[in-house]
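What follows is a set of notes on a single structure, which appears directly below.
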């Protein structure tokens, strides 16, 4: 009998295997549980979006952009329905053939053709623009071809119904109707509204699933009602264009403003184009481009002197033929500063009224010496210089003006007759308008109200105001400024049957200011370097002359009417008129256009003369 091997089993071996199986199973279960937990919590949002993107297409529903109106409800800018051809690359079956067919109808450029072929082939997105804001009839022809993945949507087109009237203020939008300039940019947040969205669910073969659509309606933007008068705006633009051309000037600016409210009725800018032809420009130069004001600034310095009790219209002084300012060390011959008048004369007696009527630089400096630098600088600040007007246009300039405490040497003198600081046309008209408004500065404004998507009107707040000079001072200044028009440098600004008060200014531009560049002064002060002199008269002044001795001018007139009950204030500036004739001066370059614009404004704004107002026949001598 053969022996057999007998296996023996030790207690506990089966239980160890069971424990091992249990541990492994538990670990696997915990791993699965952890993964499920992560998928349902941390990664849940991403997975839902990924799943949704695979079975849905999404289309943005553009909100209707608000309309911009003039003060009478005439449309300045509005959106009109147009059609845009779009494509869903995921649904396009024949990328090359589809693009070839679209090009035959839409005349797509080569670069656009290539980008569409690449997008249709990659199929990474579900939306591509093919051709935007086209004629609805042409869009219908494309859609009727029933090209796979190609369709059209309604997309507004921004237009100016009156052509380019008011474009420098209204501004522009890009193809997505986002404001890029002017009021379109400044009020973009309320004009553009809130876009909606439309979602469409489909299966793996991109067939629509019934009941899978979801739409969130867009909210239209608010409308903006401006202070502009469209009819007046057009006439101001055309008149300015004609005047700039007649003077062979580089450009010009005109502003019409409500004397009491600060409302801007019209604002126009003209510049030569690349071919030297004057054109109404879309750039808002009146708010963004500062220049030295010239003799218009005498309104502010003389107003300050009158307000401080230093002089009245009958105060008389001896005005010499010139004044020479030297450094404290008179033995230092490195520089001197000579002030002259535009009209050469010997020593003569002049009243304050004579000084402003004949625009005497020397008389203005002598009459205002008692003000002191800091006090005079504060008056300029109160008249609005050195800070923006708050008009509500993007990129508005605050001008160029150093704090009065930092003025040195001749910088303490030149601002009194219009050099040494720079101001925009908007600042300048607001400053002079302070006199028209009884001594009260009123900030210019462009917006009367907004109208929301529910049709509710929200009035804009009135323009902020502050007193600069007393009403008595304003009345005194008005009397003298009336004589500037009747007997002085602004006789060409007269308006038949209507009293006008105003002031001329003829500022020399520095030679760095050439055609096609800004009229901003090359420094923040009038000349204080070696051998520089007052630029308004002395032909030896090299700071304001070209290498060939030539000069360029910025000629301005600012006035208001009816003088004794002002309703409208107008600024006219001519940038670089032909310097070879006398029409370059402020009174002759800008005065006639002021007279024309004032007559137009009288009719458009229904302004009548005050009782017994016969214009210059009633002016004091």
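Read-outs: derived from the displayed coordinates by stated rules, not from any lab. Small disclaimer: the values here were computed from a predicted structure and weren't measured. Here the Cβ positions follow ideal geometry from the backbone for every residue, glycine too, while neighbour counts run over all protein chains shown.
Approximating the spin labels as points 7 Å out from Cα along Cα→Cβ, the residue 580-to-residue 405 distance works out to 5.1 nm.
Cβ-to-Cβ counts within 10 Å put 190, 159, 355, 134 in ascending order as 159, 190, 134, 355, the fewest first. Counting 0.36 nm for each residue step from residue 475 to residue 123 and taking away their Cα separation leaves a gain of 119.2 nm.
The slack between residue 113 and residue 273, meaning 0.36 nm per residue of separation minus the straight C-alpha distance, is 54.2 nm.
Is the C-alpha gyration tensor of the range 330-399 telling us rounded, prolate or oblate? Criteria: a/c under 1.5 is rounded; beyond that, a/b larger than b/c is prolate, otherwise oblate. Prolate, since a/c reaches 1.5 and a/b exceeds b/c.
The residues 503, 456, 551, when put in order of fewest to most other Cβ atoms within 10 Å, stand as 456, 551, 503. Can you give me the Cα centroid spacing of the range 248-310 and the range 394-459 in angstrom? The two parts, judged by their Cα centres, are 11 Å apart.
Note on residue 342 and residue 164: the model spin-label points, each 7 Å out from Cα along the C-beta direction, lie 3.1 nm apart. Counting every other Cβ atom within 10 Å of each residue's Cβ, 184, 128 order from fewest to most as 128, 184.
At q = 0.11, 0.22 Å⁻¹, what is the log10 ratio I(q)/I(0) for the range 83-155, with the Debye formula run over Cα points and no solvent? Relative scattering, expressed as log10 I(q)/I(0), comes to -0.21, -0.91.
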